[in-house]
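Please treat every number below as a calculation from the coordinates, not as lab data. Quick caveat, the model's predicted, so the values are computed rather than measured. Every residue, glycine among them, receives a Cβ derived from its backbone with ideal geometry; neighbour counts consider all protein chains shown.
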Ligand code: URA
């Protein structure tokens, strides 16, 4: 018998693992594996019958949104804002992410694009929009003569990857919003482009990207264009026509 042949159990484990990765569970969330089979089935007696304490418990007063606001406002440059984000400990996403994904592109660009949150590739490289959706974004921008190397600045609502690429939560958006607002203020672009529902939710307080897309609005005093997210276009290529119309609209505005 060939000793290098994997046994059935190994093969099954590999199939199961690939299935989990396909579902998006591609990160180990805990440092150490936990065997659910060896966990006690009932709580120790002491815990079960412990009387609730009547003494008020001393909890450290934390106000993550207030702290985010203060840190963001104290940052007077993009480098300082990045450092403030790197030191912000209240967002749980930081613990499961590999890297802080701050931005890419040129800070003096006329347009600033805002995506949702980093995915797996972005998390590994520490740069926004470098995976398949990012490559599509680069091609879309190139079609109207824009490139992140020369004429666009890109950031996300969340700077850390949500585990398994799950959607950003309302609490995470609220907590990170002061940093996003300061980011926009420091870049001071001429035009904002919001890609997808979550950036519209964070910046405009509105969702429904298929209705919002292509309609100019104002955010933070800047002309703002919601657009379909490139990841959505990868799933629904038939929508590329609409994205093309929005890109032409953007090109037209930049030419004015
Ligand atoms: N999608 C986003 O919204 N942002 C990224 O950086 C990558 C994919």
Being within 12 Å of the ligand (Cβ to nearest atom), touching a strand residue (DSSP E or B) at 6+ places or on another chain (Cβ under 7 Å) and in a loop (DSSP other than H, G, I, E, B) is the filter here, so list the residues in the range 103-129 that pass it.
103, 116, 117, 118, 127, 128, 129
Scan the range 150-163 and give yes if some residue there is assigned to a helix (DSSP H, G or I), without any contact (Cβ under 8 Å) to a residue 12 or more places away in the chain and within 16 Å of the ligand (Cβ to nearest atom), otherwise no.
no
Could you pull out every one of the helices (runs of 4 or more DSSP H) wholly within the range 197-246 that has 2 or more residues that are within 26 Å of residue 178 (Cβ to Cβ) and within 15 Å of the ligand (Cβ to nearest atom)?
197-204
Within the range 92-102, residues assigned to a helix (DSSP H, G or I) and either free of Cβ contacts under 8 Å to residues at least 24 places away in the same chain or near the ligand (Cβ under 9 Å from one of its atoms) (or both) come out as 95
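To keep it simple, each residue is scored yes or no on (1) closer than 23 Å to residue 148 by Cβ; (2) buried (at least 19 other Cβ atoms within 10 Å of the Cβ); (3) in contact (Cβ under 8 Å) with a residue 40 or more places away in the chain.
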| position | (1), (2), (3) |
| --- | --- |
| 181 | yes, no, yes |
| 187 | yes, yes, yes |
| 191 | yes, no, yes |
| 198 | yes, yes, yes |
| 213 | yes, yes, no |
| 218 | no, no, no |
Considering the range 130-148 alone, what residues qualify as being touching a strand residue (DSSP E or B) at 6+ places or on another chain (Cβ under 6 Å) and either more than 24 Å from residue 219 (Cβ to Cβ) or within 12 Å of the ligand (Cβ to nearest atom) (or both)?
148
Out of the residues in the range 77-91 that are touching a residue at least 24 places away in the same chain (Cβ under 8 Å) and part of a loop (DSSP other than H, G, I, E, B), which is farthest from residue 174 (Cα to Cα)?
77
